[in-house]
Amino acid sequence: MNQLSDRINNLATSATLAMAAKARELRAEGKDIIGLSLGEPDFDTPDFIKEAAIEAVNQNYNSYTPVDGYVDLKNAIITKFKRDNNLTYTLPQIVVSTGAKQALYNIASVMLNEGDEVILPCPYWVSYSDIIKLNDGVPVEVKTSIENDFKMTAAQLEAAITPKTKMIWYSSPCNPSGSVYSKEELRALADVLQKHPNIYVVSDEIYEHINFKGGHFSMAEFDDMYDRTVTINGVSKAFAMTGWRIGYIGAPDWIARACNKIQGQVTSGANCIAQRAVITALEAPASCVKYMVDEFKVRRKLILDLLGEIEGFKSNEPEGAFYVFPNISAYFGKTIKGKEINNASDFSLFLLEEALVATVTGEAFGNPDCIRISYAASQDEIKEAIKRIKTALS
């Protein structure tokens, strides 16, 4: 008898984690799987950050931490926001969480009531929709196109707003498309929002430093949007610290206090050693991780050139993050090696089983015509993966 809650029974499994688990199963069976599914840099955490963690252990940091983070870490975050984003926050406006995903969940929990609508430009990060649903909200998907670099226009935003609209969530640089909103594009969206003063924005900037176009702009930089924007960030991507699990927000103080309140009942404060290491990471200039960004840029060109040789793949050039999001709908309705390809999920599974390459279906990101391919892998792995894909489809 299934006595689990309706909430968990209706919850989708994270597609990225599910594909990673499937890949691990096949590896355990002896299959040589190339994983291009997870959004995880393949670099080691920089030594100067690891040394800070070791020093924290030696200094006997082992006690419960403040729910919203150590004060000196919050000060480092305040300095980072001012230095990198021209945003001025105070201590009560900062909350440190166990990863940016918890920060997003906190926001949904404290902002959404049953039936509140949240606009999601598609494609969106895989967990946005289910986090919103878990908190009784209603995701409203706004379809974008590869021709527009998967970015929502002001007209599309205006058309999606209803009396029930409470929030807009987006990421820039975007996971999964790599799209980066310019200052002008964000200003156009902000102009629409000026007509609707009760709508709030979540700006997910976790890929901020992995930006190939130069110049990152935050919605909260606009004076008329500062009090209506929650800026999400963390150290997972830029500093190759995915497993350290530290994310944070800068927000209006009443929202931050609410996030602090709910976090105090769920997880309390984030890991003490990780917090000490993150102070060191954030105090360092962004140039200290430029070598990773430079390598990602090289890999971007490599994978786009290789995908361009495969008939049926339609790609744009992403401006940030470390993903490509090609449209593969040309294969829908075809049978390849006895397998019917009716959607992106079928295609992604075909690549795993026949090419031994793990990708993620675009359906999980709100776009059923595409797949996400991570190029957070070595150049040799990328070359071999695309070679396998090309062979499997030929």
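The values are calculated or read from the model by the stated rules, or taken from the named source; none is laboratory data. Worth saying up front: this structure is predicted, and the values here are computed from it rather than measured. Every residue, glycine as well, gets a Cβ built from its backbone with ideal geometry; the counts of neighbours run over all protein chains shown. Only protein heavy atoms, including side chains, enter the accessible area calculation; ligands, DNA and RNA are left aside. Shrake-Rupley method; radii C 1.70, N 1.55, O 1.52, S 1.80 Å.
Here are some notes:
- For TYR323, the amide hydrogen comes within under 5 Å of the amide hydrogens of TYR375, counting only partners 5 or more places away or on other chains and with H modelled in the peptide plane.
- Of LYS101/LYS261; LYS237/LYS314; LYS82/LYS183; LYS74/LYS213; LYS237/LYS297; LYS22/LYS143, those spanning more than 20 Å from alpha-carbon to alpha-carbon: LYS237/LYS314; LYS74/LYS213; LYS22/LYS143
- At 0.890 mPa s and 25 °C, Stokes diffusion of segment 134-213 via Kirkwood alpha-carbon radius, µm² per second: 181 µm²/s
- Mean separation of Cα pairs under 8 Å and 6 or more residues apart, divided by the residue count, gives segment 175-295 a relative contact order of 21 percent.
- The chain: relative contact order as a whole-number percent, Cα under 8 Å and 6+ apart: 23 percent
- Computed 3J(HN,Hα) for segment 112-119, one whole-Hz value per residue from the Karplus formula 6.51 cos²θ - 1.76 cosθ + 1.60 where θ = phi - 60°, is 9, 10, 4, x, 5, 9, 10, 7, glycine and proline marked x.
- Within the accessible area of the chain (1.4 Å probe), percent carbon and sulfur: 50 percent
- Cleavage-rule hits, chymotrypsin sites (Phe, Trp or Tyr not before Pro), segment 51-96, DSSP coil, Cβ neighbours within 10 Å at most 11: TYR64
- The longest stretch of the chain left intact once loop-based trypsin sites (Lys or Arg not before Pro) with at most 14 other Cβ atoms within 10 Å are removed from consideration, loops following DSSP, is 32-163.
- Gap separating the Cα centres of segment 6-22 and segment 233-258, nearest whole Å: 23 Å
- Helix runs (DSSP H) in the chain reaching 24 Å along axis by Cα, Kyte-Doolittle at least -1.0: 290-307
- When the Cα atoms of segment 226-345 are aligned to their principal axes, the ranges along those axes come out at 54, 34, 30 Å in descending order.
- Highest-MSF residue in the chain out of TRP169, TRP254, TRP125 [GNM, Cα springs under 10 Å]: TRP254
- Stokes-Einstein D for the chain, Kirkwood Rh over Cα pairs, 20 °C, 1.002 mPa s (µm²/s): 99 µm²/s
- Within-13-Å neighbourhood charge of ALA20 [Cβ basis; K, R +1; D, E -1]: +2
- Spatial separation of Cα centroids for segment 91-120 and segment 280-304, in angstrom: 28 Å
- Over the chain, DSSP H runs of length four or greater, each weighted -39,500 (n - 2.57), average out per residue to a 222 nm ellipticity of -11500 deg cm²/dmol.
- Once the C-beta distance of GLU353 and SER14 is scaled by a Förster radius of 25 Å, the resulting FRET efficiency is 0.75 to the nearest 0.05.
- Residue among LEU91, LEU36, LEU104 with the largest mean-square fluctuation in a Gaussian network model of the chain, springs linking Cα atoms under 10 Å: LEU91
- For HIS216, the solvent-accessible surface computed with a 1.4 Å probe is close to 40 Å², ligands and nucleic acids excluded.
- FRET efficiency, ILE262 to THR90 (Cβ-Cβ, R0 30 Å, nearest 0.05): 0.90
- Most mobile listed residue (GLU40, GLU184, GLU319) in the chain, GNM with C-alpha springs under 10 Å: GLU184
- Distant-in-sequence amide contacts of VAL230, defined by a placed amide H-H separation under 5 Å and a gap of 5 or more residues or a different chain, comprise VAL201, VAL202, SER203.
- Close amide H pairs (under 5 Å, H built 1.01 Å from N) link VAL142 with LEU120, CYS122, residues at least 5 positions away or on another chain.
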